[in-house]
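Input: a single structure, listed below in structure tokens.
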2 protein chains.
Amino acid sequence: MSKGVTVWFTGLPCSGKTTVADRVAETLKKKGYKVERLDGDTVRKGLTSDLGFSKKDRDENIKRVTFVAKLLTRNDVIVLATFVSPYKERRRLSREEIGSFIEVYTRCSLEECMKRDVKGMYKKALAGEIKDFTGVDDPYEEPENPELILDTDKESVEESARKVIDKMMSLRYL
Amino acid sequence: MSKGVTVWFTGLPCSGKTTVADRVAETLKKKGYKVERLDGDTVRKGLTSDLGFSKKDRDENIKRVTFVAKLLTRNDVIVLATFVSPYKERRRLSREEIGSFIEVYTRCSLEECMKRDVKGMYKKALAGEIKDFTGVDDPYEEPENPELILDTDKESVEESARKVIDKMMSLRYL
């Protein structure tokens, strides 16, 4: 039986949010915890199919996800949310609304993210085929006081995941 | 510790969905169950502020609520959802997606609902000030095989709430 908490991964596209969160989810599920992963793909169909990438739409996206995370968190579920969530003020509002909130910043240089470019999105953004792409023509506002920073261009997925779990333990959510 | 389930109350505006569900929620919370109430008011701010009352918007509303109910239900929460949800096909989709689903039809004559008119909405709809109002100028499609029918114009709130809890017990959710 766990206490509910939302672990909120924020960072540039391709900075490693999903990879690390998936690893954490796997570990916690094996230990019997209730875990939900929330990311763009899982919420798009049911929750945000009408939204694009403008600032307004991004904020609305995060607003809806925050509502879901809040309800799960207060019912003792561990929520691992991975969203670029580039705007500081919107992240602050999510923290305020959810309450039990761990902000994890996957810090990775833009160069490295562009090199990874898992889905070819940076390429499209640089070619002007996608607009408002974070890191290219939309800003990413770095967290000032996240609970945890993961330097994903230096550490392994295993190390990053371990750090997240250690942080959850030290904050007594596990 | 309960098994998760969504109890989905459907029926005309003012047919008693909220009153009965609130009573059920109160009883179950006292017994220590994890309960979430979802209704138009609770989801509007966080989830559906962009939606109106057209068929398209109503369906989108229910789609988003269904996503939330699904996540809560599979994490062992008892969800009491109260929405007019007038369209049969959309309710069927919710049932399919959520899985553990009890459909409760608060059956009440239109005349009685209009007489109650808790928020003065029927009056406004009849005066043409609100469009697409269920029962006035938008249809309500009655459930064909709901798990439970509550005749809220004949039975007391206490009786109706008791029936819901009995049904949950007989289906082994409590």
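Things worth noting here:
- Looking only at residues of region B:25-59 that are farther than 22 Å from A:GLU97 by Cβ and crowded, with 18+ Cβ neighbours inside 10 Å, we find that the one that is modelled with the highest pLDDT is B:LEU28.
- Among residues that are at positive phi and more than 13 Å from chain B (Cβ to nearest Cβ), A:GLY11 is included.
Listed here are the residues, each with its yes/no results for (1) at positive phi; (2) within 14 Å of another protein chain (Cβ to nearest Cβ); (3) surrounded by fewer than 17 Cβ atoms within 10 Å (Cβ to Cβ).
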site: B:ALA81; (1), (2), (3): no, yes, no
site: B:VAL104; (1), (2), (3): no, no, no
site: B:LEU126; (1), (2), (3): no, no, yes
site: B:ASP138; (1), (2), (3): no, no, no
site: B:ASN145; (1), (2), (3): no, no, yes
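- Hits in region A:40-66 - residues which are of a type in the set (Lys, Arg) and either within 12 Å of chain B (Cβ to nearest Cβ) or not in a helix (DSSP H, G or I) (or both): A:ARG44, A:LYS45, A:LYS56, A:LYS63, A:ARG64
- Filter pass, B:THR6 being under 30 Å from B:LYS131 (Cα atoms) and part of a helix (DSSP H, G or I): no
- Selection status of B:VAL5, touching a residue at least 60 places away in the same chain (Cβ under 8 Å) and more than 9 Å from chain A (Cβ to nearest Cβ): yes
- In region A:133-163, the residues that are part of a loop (DSSP other than H, G, I, E, B) and under 15 Å from the mean Cα position of the chain (by Cα): A:TYR140, A:GLU141, A:GLU142, A:PRO143, A:PRO146, A:GLU147, A:THR152
- Condition met for A:ALA69 (of a type in the set (A, V, I, L, M), more than 14 Å from chain B (Cβ to nearest Cβ) and assigned to a helix (DSSP H, G or I)): no
- Residues of region B:119-132 that turn out to be outside any helix (DSSP H, G or I) and either within 14 Å of B:PRO86 (Cβ to Cβ) or in contact with a helix residue (DSSP H, G or I) (Cβ under 9 Å, 6 or more places away or on another chain) (or both), as a count: 4
- Filtered residue count, region B:151-174, keeping only those that are surrounded by 13 or more Cβ atoms within 10 Å (Cβ to Cβ) and either in contact with a Phe, Trp or Tyr (Cβ under 7 Å, 6 or more places away or on another chain) or touching a residue at least 40 places away in the same chain (Cβ under 8 Å) (or both): 13
- If you go through region A:164-174 and keep only what is in contact with a helix residue (DSSP H, G or I) (Cβ under 9 Å, 6 or more places away or on another chain) and assigned to a helix (DSSP H, G or I), you end up with A:VAL164, A:ILE165, A:MET168.
- Only residues that are farther than 14 Å from B:PHE67 by Cα and outside any helix (DSSP H, G or I) were counted across region B:89-105, and they come to 4.
The values are calculated or read from the model by the stated rules, or taken from the named source; none is laboratory data. Because the structure is a prediction, the values reported are computed rather than measured. Reconstructed Cβ throughout: ideal geometry from the backbone, glycine too, with neighbour counts over all protein chains shown.
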